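The values are calculated or read from the model by the stated rules, or taken from the named source; none is laboratory data. Quick caveat, the model's predicted, so the values are computed rather than measured. Remember, those area values only see protein heavy atoms, side chains included, never the ligands or the DNA or RNA. Shrake-Rupley method; radii C 1.70, N 1.55, O 1.52, S 1.80 Å.
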Amino acid sequence: MDLLALLTIGILTGQAAAVLNSYSLGAIGNGIAGLTGALFLGKYLSAMFDMSTTTGLVAGGLLGAAVILAVFSAGESLSIKKKHRIF
């Protein structure tokens with residue numbers, strides 16, 4: 001697949017996952033999350049569900065970015081110190 005198309009799929013799926021997940025790592029972080037999901041899950045999903053390669057990359061990017069954003073969101077909520085006040 002063309003490198004420019006892969007980068008575009010990664011950026012778009014990362015931004016879409018951020019909208020669906022209501023958590024964002026910023027434009028670059030969302031793009032990297034989408035690109036990671038597309039690279040690791042794209043060919044597996046296209047072979048598993050008998051989709052075209054491009055559709056598999058989009059589905060993999062969206063799924064991978066959603067999982068990455070959910071993990072980062074959970075990690076951030078656990079690491080924030082909560083103030084315990086009486087009033």
(request) State in Å² the accessible area per residue of the chain; use a 1.4 Å probe, count heavy atoms of protein chains only, and round to the nearest integer. (result) 69 Å²
(request) With everything on Cα atoms, drop me the angle between helix 26-48 and the longest principal axis of the chain, reported from 0 to 90° to the nearest 10. (result) 50 degrees
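What percentage of the solvent-accessible surface of the chain, computed with a 1.4 Å probe over protein heavy atoms, is contributed by carbon and sulfur atoms?
Carbon and sulfur atoms account for 70 percent of the accessible area of the chain.
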(message) Based on the alpha-carbon set only, what is the convex hull volume of the range 6-64 divided per residue, in Å³?
(response) 57 Å³
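Can you give the extra length, in nm with one decimal, that the chain gains between Leu78 and Thr55 once fully stretched, where that is 0.36 nm per residue apart less the Cα-Cα distance?
4.8 nm
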(request) Report relative contact order for the chain in percent, whole number only (criteria: Cα-Cα under 8 Å, sequence separation at least 6). (result) 31 percent
(message) Compute the angle between helix 53-79 and the longest alpha-carbon principal axis of the chain, please, reported from 0 to 90 degrees and rounded to the nearest 10.
(response) 10 degrees
